[in-house]
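So the structure is just underneath, and the comments pick up after that.
The values are calculated or read from the model by the stated rules, or taken from the named source; none is laboratory data. Here the structure is a predicted model, which is why all the values come from computation and not from measurement. In this analysis, Cβ positions are derived from the backbone assuming ideal geometry, glycine residues included, and neighbour counts consider all displayed protein chains. Side chains are part of the model used for accessible areas, which takes the heavy atoms of the whole protein and leaves out ligands, DNA and RNA. Shrake-Rupley method; radii C 1.70, N 1.55, O 1.52, S 1.80 Å.
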Amino acid sequence: MKLPPDATLDHAAALAESLPALLAEADPGPLRIDAAPLQSFDSSTLALLLQAHRLAAAAGRGLEINGLPPQLLQLAQLYGVEGLLSLSSSPSDANPPSGSAPRPAAAAGRLPSA
């Protein structure tokens, strides 16, 4: 499954509805999700990934997420779900520069103009 550039609240529900069919049609083995195209995302994107994890686990399959944007990983860490999704930061993400920390959900993805 390749995620679209926008997987925010407006689009995540439709994507979640398509998960059972995608899982049934996918090759055997772990369900693979390509998150590299993501440009706009929010906490509903994490809910989508958690739903994919639940469905894959119920089918006795794993979940493999590739190309996750660093800001979405930070959001997963903020919510404490990175372990549920088997996400991990690279060594460079594990020790952010001084003064740099994961930002709240509003800072993830595209922000509205002020």
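Does A56 fit the bill of being more than 11 Å from the chain's Cα centre (by Cα) and hydrophobic (A, V, I, L, M, F, W, C)? If you could, list the steps in order and put the result at the bottom.
Values: more than 11 Å from the chain's Cα centre (by Cα): yes; hydrophobic (A, V, I, L, M, F, W, C): yes.
Criteria met by A56.
In this structure, is A21 of a type in the set (A, V, I, L, M, F, W, C) and farther than 18 Å from L87 by Cα? Please lay out each step first, then the result.
On the way: of a type in the set (A, V, I, L, M, F, W, C): yes; farther than 18 Å from L87 by Cα: yes.
Spelling it out, A21 is indeed of a type in the set (A, V, I, L, M, F, W, C) and farther than 18 Å from L87 by Cα.
Taking the condition closer than 19 Å to K2 by Cβ, surrounded by fewer than 17 Cβ atoms within 10 Å (Cβ to Cβ) and at pLDDT 90 or above, does A58 pass? Spell out the reasoning first.
Numbers: closer than 19 Å to K2 by Cβ: no; surrounded by fewer than 17 Cβ atoms within 10 Å (Cβ to Cβ): yes; at pLDDT 90 or above: yes.
The answer is no for A58.
With the condition kept exactly as written, say whether any residue in segment 83-90 is part of a helix (DSSP H, G or I), buried (at least 16 other Cβ atoms within 10 Å of the Cβ) and within 13 Å of the chain's Cα centre (by Cα).
no
N66 fails exactly one of the following numbered conditions: (1) surrounded by 15 or more Cβ atoms within 10 Å (Cβ to Cβ); (2) without any contact (Cβ under 8 Å) to a residue 40 or more places away in the chain; (3) touching a strand residue (DSSP E or B) at 6+ places or on another chain (Cβ under 6 Å). What is the number of that condition?
Evaluating N66 over (1) surrounded by 15 or more Cβ atoms within 10 Å (Cβ to Cβ); (2) without any contact (Cβ under 8 Å) to a residue 40 or more places away in the chain; (3) touching a strand residue (DSSP E or B) at 6+ places or on another chain (Cβ under 6 Å) leaves (1) as the failure.
Spot the failing condition for P37; the list is (1) modelled with pLDDT under 95; (2) within 15 Å of the chain's Cα centre (by Cα), and only one is missed.
The number of the failed condition is (1).
Quick check on my filter: what residues within segment 24-63 are in contact (Cβ under 8 Å) with a residue 24 or more places away in the chain, part of a helix (DSSP H, G or I) and more than 24 Å from G80 (Cβ to Cβ)?
Scanning segment 24-63 gives no hits.
Does R32 meet the test of being open to solvent by 60 Å² or more (accessible area, probe 1.4 Å) and at pLDDT below 95?
Working: open to solvent by 60 Å² or more (accessible area, probe 1.4 Å): yes; at pLDDT below 95: yes.
Spelling it out, R32 is indeed open to solvent by 60 Å² or more (accessible area, probe 1.4 Å) and at pLDDT below 95.
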